Structures are given as C-alpha cells and as structure tokens.
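Worksheet: the structure to be examined is printed underneath.
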Amino acid sequence: MSTFLSRVAAAPISWGICEAPGWGMQLPVDRVLGEAKALGIPAFEQGALGWLPTDPDAQRAKLKEYDMELLGGFVPLVLHDAAQRDAQLAEAERIAAAMSAAGGRYFVTAPVPSLDDWHHPALTDDEWSELLANIDRVGEICVKHGLEQVLHPHVDTIIETDADFDRFINGCSSKFCFDTGHLTIGGADVKRIAVEQFDRIGIVHLKDVDADAMRRERSGELDLMGATQAGLFPSLGDGIVPLDDVIQALEGRGYAGWYVMETDVALTEGEPPLGEGPVRGVERSLSYLRTLQVSA
C-alpha cells in the first residue's frame with residue numbers, strides 16, 4: 001500500500017451515523033466496523049457521540065477488536081452566544097478528556113446555532129467576536145488534553161460559506177478540517193484552499209458533490225438531509241469536486257496527515273441486507289482513490 005493510501009481512513013457518516021438531529025437510523029457498531037475492516041481501513045472517526053461506547057477504555061477496546069485507530073470525533077458546540085460560553089466550554093472539556101483517553105487525536109469542532117436546530121444564521125459583529133474567541137478557547141482545551149482542534153466548515157452551521165470560512169481564517173488561529181465537499185457547497189475553491197491555506201490544514205475529509213443535488217439544496221428546494229438522500233455526496237470520483245487535483249497539491253506540499261473518506265448517507269428505510277447498502281459506496285470510493293497516481 002502506498003504512503004498515501006495508508007493514511008486513508010473512514011467516517012461513520014458513510015454508514016449513516018450522524019450527529020444532526022433526526023438524521024435516520026444508526027447501523028450497529030459491529031456491522032460498520034466489520035465492513036470497514038474487510039475493506040482494509042485502518043482508522044475511524046467516532047461518529048455521533050454515544051454510537052461507540054462512551055467509556056474511553058471500552059471505546060478503545062472496541063476499535064482494537066477491529067484493528068482500528070481512533071482519529072477523533074465531530075463535536076457540535078454553540079460558541080457564538082456569550083450566555084452559553086461557560087457551559088459549552090465545560091462540555092468541550094468533558095468531551096476532550098474522554099476523546100483523549102480513548103486514543104483520539106483530532107477534536108473536530110462544528111459551531112452550530114443550537115444543538116437541536118442546525119441552520120446558517122446571520123451573526124452580529126459581537127457574536128462573531130464571541131465565536132472566534134471561543135474557537136481559540138476550545139483550542140486551548142484541546143492542547144491541554146493532547147488533542148488538535150480542527151474547525152469544520154459545514155452546511156447548516158455557522159461556518160458554511162466561503163465568506164464565513166475567510167472570516168474564520170482571518171479571525172483566529174485554529175487549524176481546520178479541509179472538507180472538500182462542504183467547502184465546495186459553500187462556494188469555496190478547494191484547489192485554491194489546498195495551496196493558500198496549506199499550513200492551516202489539520203485533517204482532510206474527502207467528499208465529492210453532485211451538482212444537481214447541490215443546486216436543489218442551495219435553492220432551498222431540499223434541506224440537507226433531503227439533498228443527501230438525493231445523492232448530494234456521491235462516491236468519490238463521481239461528482240464535481242477536483243479531488244485528484246486537491247490530493248496531488250497536498251501530497252506535493254508534503255502533507256503527512258490523514259484523509260477521511262466520506263460518502264454521507266441517511267438511512268430512513270430500515271437496515272439494508274448484509275453486504276449491501278452504504279458499504280458499497282465506501283468500497284467504490286476506495287477503488288477510485290486506488291486509481292490515482294499520487295506523487296509526493
């Protein structure tokens with residue numbers, strides 16, 4: 001296996017495991033990890049908090065059972081509201097301590113307007129100042145626990161658009177999760193980001209985007225879950241994101257971190273038969289990555 005492919009991990013969202021409210025059913029842990037192991041995937045993210053065992057020792061043991069390394073996890077936090085600052089920083093502390101004890105490395109922060117109602121609000125200047133200061137405060141918490149914070153630009157969160165992303169880059173010091181799909185939907189040029197923001201990249205989420213489903217989501221015809229069900233995030237190589245160019249640019253600059261494949265699905269019609277369902281999309285994505293002629 002090449003150096004590049006040995007750093008390709010997977011995320012539970014590719015099996016429908018998601019933190020977003022009302023997303024759909026969550027497949028059993030053993031099924032998901034078993035399918036990932038069969039594909040030779042060496043590392044995994046946590047998925048929705050509580051999907052893996054919440055006890056750090058039990059979580060570490062479960063992943064070890066499938067020869068998996070824990071990369072970290074996606075953590076929604078309300079960081080723009082000064083009235084919630086203390087409670088949310090305490091929650092970040094609690095999650096960071098548990099993630100570190102389980103062997104994680106990356107604390108993937110997603111600033112949301114509310115934990116139970118994700119959308120993209122218009123913030124006041126004071127709220128932006130609070131948000132950016134709190135992102136750095138979460139970063140300090142992460143350092144204390146031996147983790148690296150990576151800010152995740154994401155549809156239906158506060159850092160969604162290209163303009164939001166630029167304000168984040170210019171307003172605080174945190175590294176970010178380079179999600180090629182969500183940044184594309186937000187209007188960013190991911191090839192440019194790979195070059196110009198290389199030093200701020202903490203981890204890469206490889207995600208492709210279907211143009212028609214993106215148009216329908218951006219127009220308001222579909223919400224994020226509806227667009228996902230309509231194929232917003234296809235298997236890697238099947239959409240409009242220039243993944244080959246992005247990976248070549250990163251590897252050419254000496255990127256040595258992890259890539260996490262993400263082909264988001266939402267399961268709303270019950271558990272698919274064994275060997276079918278989401279694993280097929282992950283398998284197709286991995287096959288695509290194996291075709292790339294990556295040069296460091």
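Okay, here's what the table says:
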item: Wholly within segment 125-225, strands (runs of 3 or more DSSP E) carrying at least 1 residues that are in contact with a Leu (Cβ under 9 Å, 6 or more places away or on another chain), acidic (Asp, Glu) and crowded, with 16+ Cβ neighbours inside 10 Å; result: 175-179
item: Whichever residue in segment 59-102 is free of Cβ contacts under 8 Å to residues at least 24 places away in the same chain and of a type in the set (Gly, Ala, Ser) and, among such residues, is farthest from Trp118 (Cα to Cα); result: Ala61
item: Index of the failed condition, Asp117 passing every other in (1) outside any helix (DSSP H, G or I); (2) touching a helix residue (DSSP H, G or I) at 6+ places or on another chain (Cβ under 7 Å); result: (2)
item: Condition met for Leu132 (in contact with a Gly (Cβ under 7 Å, 6 or more places away or on another chain), farther than 24 Å from Lys207 by Cα and modelled with pLDDT of 95 or more); result: yes
item: Count of segment 260-285 residues which are of a type in the set (A, V, I, L, M, F, W, C) and over 25 Å from Ala20 (Cβ atoms); result: 1
item: Which listed residue is basic (Lys, Arg), within 30 Å of Ala211 (Cα to Cα) and over 17 Å from the mean Cα position of the chain (by Cα), from Arg85, Arg94, Arg137, Arg167; result: Arg167
item: Residue count for segment 226-249, restricted to those that are out of contact with any strand residue (DSSP E or B) (no Cβ under 7 Å at 6 or more places or on another chain) and assigned to a helix (DSSP H, G or I); result: 10
item: Filter result for the condition that a residue is of a type outside the set (Lys, Arg) and over 29 Å from Arg200 (Cβ atoms), over Gln293, Gln229; result: Gln229
item: Qualifying residue in segment 97-107 (condition: under 22 Å from Ile201 (Cβ atoms), assigned to a helix (DSSP H, G or I) and within 20 Å of the chain's Cα centre (by Cα)); result: yes
item: Any chance Ser285 is closer than 20 Å to Arg7 by Cα, polar (S, T, N, Q), touching a residue at least 12 places away in the same chain (Cβ under 8 Å) and part of a helix (DSSP H, G or I); result: yes
item: Residues of segment 1-23 satisfying the condition of being crowded, with 17+ Cβ neighbours inside 10 Å and assigned to a loop (DSSP other than H, G, I, E, B); result: Phe4, Ala11, Gly16, Ile17, Cys18, Glu19, Ala20, Trp23
item: Hits in segment 155-204 - residues which are in contact (Cβ under 8 Å) with a residue 60 or more places away in the chain, of a type in the set (S, T, N, Q) and under 24 Å from Leu232 (Cβ atoms); result: Thr157, Thr180
item: Residues of segment 46-94 that turn out to be charged (D, E, K, R) and over 26 Å from Ala133 (Cα atoms), as a count; result: 8
item: Residue in segment 55-64 that is under 25 Å from Gly257 (Cα atoms) and touching an Asp or Glu at 6+ places or on another chain (Cβ under 8 Å) present; result: yes
item: Residue match in segment 31-43 (condition: touching a strand residue (DSSP E or B) at 6+ places or on another chain (Cβ under 9 Å), at pLDDT 95 or above, of a type outside the set (Ser, Thr, Tyr) and under 26 Å from Asp156 (Cβ atoms)); result: yes
item: Test for Ala249: is it modelled with pLDDT of 95 or more and surrounded by 14 or more Cβ atoms within 10 Å (Cβ to Cβ); result: yes
item: Which listed residue, of Gly270, Gly257, is assigned to a loop (DSSP other than H, G, I, E, B) and modelled with pLDDT of 95 or more; result: Gly257
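Rundown of residues vs (1) closer than 22 Å to Phe168 by Cα; (2) of a type outside the set (A, V, I, L, M, F, W, C); (3) part of a helix (DSSP H, G or I), yes/no style:
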| site | (1), (2), (3) |
| --- | --- |
| Gly47 | no, yes, no |
| Gly50 | no, yes, no |
| Thr54 | no, yes, no |
| Asp57 | no, yes, yes |
| Arg60 | no, yes, yes |
| Gly72 | yes, yes, no |
| His80 | yes, yes, no |
| Glu91 | yes, yes, yes |
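The values are calculated or read from the model by the stated rules, or taken from the named source; none is laboratory data. Just so it is clear, the structure is predicted and the values come from calculations on it, not from any experiment. Reconstructed Cβ throughout: ideal geometry from the backbone, glycine too, with neighbour counts over all protein chains shown.
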